[in-house]
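The values are calculated or read from the model by the stated rules, or taken from the named source; none is laboratory data. These numbers come from a predicted model, not from an experiment. With ideal geometry, Cβ positions are generated from the backbone for all residues, glycine too; neighbour counts draw on all protein chains shown. When the accessible area is computed, the model is the full protein with side chains, heavy atoms only, and any ligands, DNA or RNA have been set aside. Shrake-Rupley method; radii C 1.70, N 1.55, O 1.52, S 1.80 Å.
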Amino acid sequence: MQALRNMFRSWSSDARLDGKTVIITGANTGIGKETAIDLAKRGARIIMACRDMEKTDAALKEVKDASGNQDVVACRLDLADSKSIREFAENINKEEKQVNILINNAGVMVCPYGKTADGFEMQIGVNHMGHFLLTYLLLDLIKRSSPARIINVSSMAHQWGTINLEDINSEKNYDKQKAYSQSKLANILFTRSLAKRLEGTGVTAYALHPGVVQTELWRHLNKPQQAAMWLAKPFTKTSVQGAQTTIYCAVAPELETESGKYYSDCAPAKCSQAAMDDEVGQRLWELSCKMLSITWE
């Protein structure tokens, strides 16, 4: 029962973000949109980084209306295309004086096999590689904006994941669940490796499980899986509830001195043994750099 109570525990804080700038990927739907509304209410400038600009126009109006904050903008970002990521980052680095909070929230879940513009398997490509590159390209600006936070939305699905360094793109055999779990495990390993590299900079990093949330990510589930989710609905979260742990990691004052940890239900949580394997984390880091043709020591 305690776990159930924790699951719906609502966390609240009156922390303000006036004068701060927040980037949220995938902010036009689900928990990303709810996160944008909450942080906009706290006075932050919000940059909604989204692929589908048509859908984003309506979400942008909704975020402004719901928060009463007009300092909300939308920019196109396709995490499945490194060219789009580089254009987005170049624009931010040129136009924005600071980025205090980066929320790597966008994701694809258990989708049919597909490849990104750069030839990565879609789930590792969007969920890990795209956010890895985005963070790299914005890091100097984020460091200059410290104290700053980088938040990676992972999932409890990481527990069923392994990192296949020999076949990161699942080309030899593709299991959409395994590929999803691998990408979510990569999010936590990236957070831990990043936190180590950021020690002493005033920039901290967090990974989190939002809860099992009723969102559009379910669209690729097969019929029996969708039926199971429907039966589990009383135990799943709305997007507002699902956004709470992201918001907690973004604003909780007590997390200012913490970095590299994993959270769930607005509290520190246990991740799998594989998620604490820093040697694999280092090898994943090196492989990611190689595949993205970047040098990030």
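Report whether or not Ala58 is more than 25 Å from Met129 (Cβ to Cβ) and either assigned to a helix (DSSP H, G or I) or free of Cβ contacts under 8 Å to residues at least 60 places away in the same chain (or both). Judged against the criteria, Ala58 is a match. Quick check on Tyr180: is it more than 19 Å from the chain's Cα centre (by Cα) and aromatic (Phe, Trp, Tyr)? Taking the combined requirement at face value, the residue does not satisfy it.
Among the candidates Asp78, Asp167, Asp140, the residue that is farther than 19 Å from Ala274 by Cβ, of a type in the set (Asp, Glu) and in a loop (DSSP other than H, G, I, E, B) is uniquely Asp78.
Whether any residue in the stretch 279-289 is open to solvent by less than 70 Å² (accessible area, probe 1.4 Å), free of Cβ contacts under 8 Å to residues at least 12 places away in the same chain, part of a helix (DSSP H, G or I) and out of contact with any Leu (no Cβ under 9 Å at 6 or more places or on another chain) is what I want to check. Working first, answer last.
Initial filter on the stretch 279-289 (open to solvent by less than 70 Å² (accessible area, probe 1.4 Å)): 280-282, 284-285, 287-289.
Okay, now just the ones that are also free of Cβ contacts under 8 Å to residues at least 12 places away in the same chain, so 289.
From what's left, part of a helix (DSSP H, G or I): 289.
With the extra rule that they be out of contact with any Leu (no Cβ under 9 Å at 6 or more places or on another chain), the set shrinks to 289.
Within the stretch 279-289, one or more residues are open to solvent by less than 70 Å² (accessible area, probe 1.4 Å), free of Cβ contacts under 8 Å to residues at least 12 places away in the same chain, part of a helix (DSSP H, G or I) and out of contact with any Leu (no Cβ under 9 Å at 6 or more places or on another chain).
Of everything listed in (1) among the charged types (D, E, K, R); (2) modelled with pLDDT of 95 or more; (3) open to solvent by 70 Å² or more (accessible area, probe 1.4 Å), the single unmet condition for Glu258 is (3). I'd like to know if the stretch 13-25 contains one or more residues that are in a helix (DSSP H, G or I) and open to solvent by 20 Å² or more (accessible area, probe 1.4 Å). Within the stretch 13-25, not a single residue is in a helix (DSSP H, G or I) and open to solvent by 20 Å² or more (accessible area, probe 1.4 Å). For the stretch 71-105, the candidate set comprises residues that are open to solvent by 50 Å² or more (accessible area, probe 1.4 Å) and in contact with a helix residue (DSSP H, G or I) (Cβ under 6 Å, 6 or more places away or on another chain); within that set, the residue that is nearest to Arg149 (Cα to Cα) is Asn93.
When the stretch 109-118 is examined, which residues are found to be open to solvent by less than 30 Å² (accessible area, probe 1.4 Å) and either farther than 23 Å from Ala207 by Cα or at pLDDT 95 or above (or both)? Give the steps one after another, and end with the answer.
First, pick out the residues of the stretch 109-118 that are open to solvent by less than 30 Å² (accessible area, probe 1.4 Å): 110-111, 114, 116.
Answer for the stretch 109-118, where residues must be open to solvent by less than 30 Å² (accessible area, probe 1.4 Å) and either farther than 23 Å from Ala207 by Cα or at pLDDT 95 or above (or both): Gly114, Thr116.
Can you find a residue that is closer than 19 Å to Ala44 by Cβ, in contact with a strand residue (DSSP E or B) (Cβ under 6 Å, 6 or more places away or on another chain), surrounded by 22 or more Cβ atoms within 10 Å (Cβ to Cβ) and not charged (D, E, K, R) anywhere in the stretch 155-164? No, the stretch 155-164 contains no residue that is closer than 19 Å to Ala44 by Cβ, in contact with a strand residue (DSSP E or B) (Cβ under 6 Å, 6 or more places away or on another chain), surrounded by 22 or more Cβ atoms within 10 Å (Cβ to Cβ) and not charged (D, E, K, R). Gly130 meets all of the listed conditions (1) under 17 Å from the mean Cα position of the chain (by Cα); (2) open to solvent by 10 Å² or more (accessible area, probe 1.4 Å) but one, namely (2). Among the criteria (1) over 17 Å from Leu189 (Cβ atoms); (2) at pLDDT 95 or above; (3) charged (D, E, K, R), the one Glu279 does not fulfil is (1).
Return the only residue of Ala27, Ala40 being of a type in the set (A, V, I, L, M, F, W, C) and closer than 17 Å to Leu208 by Cα.
Working: Ala40 fails: closer than 17 Å to Leu208 by Cα.
Step by step, each of Ala27, Ala40 is checked, and only Ala27 is of a type in the set (A, V, I, L, M, F, W, C) and closer than 17 Å to Leu208 by Cα.
Among the candidates Lys55, Lys64, single out the residue that is over 18 Å from the mean Cα position of the chain (by Cα) and at pLDDT below 95. Exactly one residue qualifies, and that residue is Lys55. Taking the stretch 141-154 as the range and being buried (at least 19 other Cβ atoms within 10 Å of the Cβ), in contact (Cβ under 8 Å) with a residue 60 or more places away in the chain and in contact with a strand residue (DSSP E or B) (Cβ under 7 Å, 6 or more places away or on another chain) as the test, the residues that pass are Ile142, Arg149, Ile151, Val153, Ser154.
Out of curiosity, is Ala58 open to solvent by 10 Å² or more (accessible area, probe 1.4 Å) and small (Gly, Ala, Ser)? Yes, satisfied.
Whether any residue in the stretch 149-161 is closer than 21 Å to Leu139 by Cβ and of a type in the set (S, T, N, Q) is what I want to check. Checked the stretch 149-161: at least one residue is closer than 21 Å to Leu139 by Cβ and of a type in the set (S, T, N, Q).
Among residues of the stretch 260-274 that are under 16 Å from Ala157 (Cα atoms) and of a type in the set (A, V, I, L, M), those with a Cβ under 7 angstrom from a residue that is open to solvent by 30 Å² or more (accessible area, probe 1.4 Å) and not in a helix (DSSP H, G or I), sequence gap 6+ or separate chain, pair up as Ala274/Thr162.
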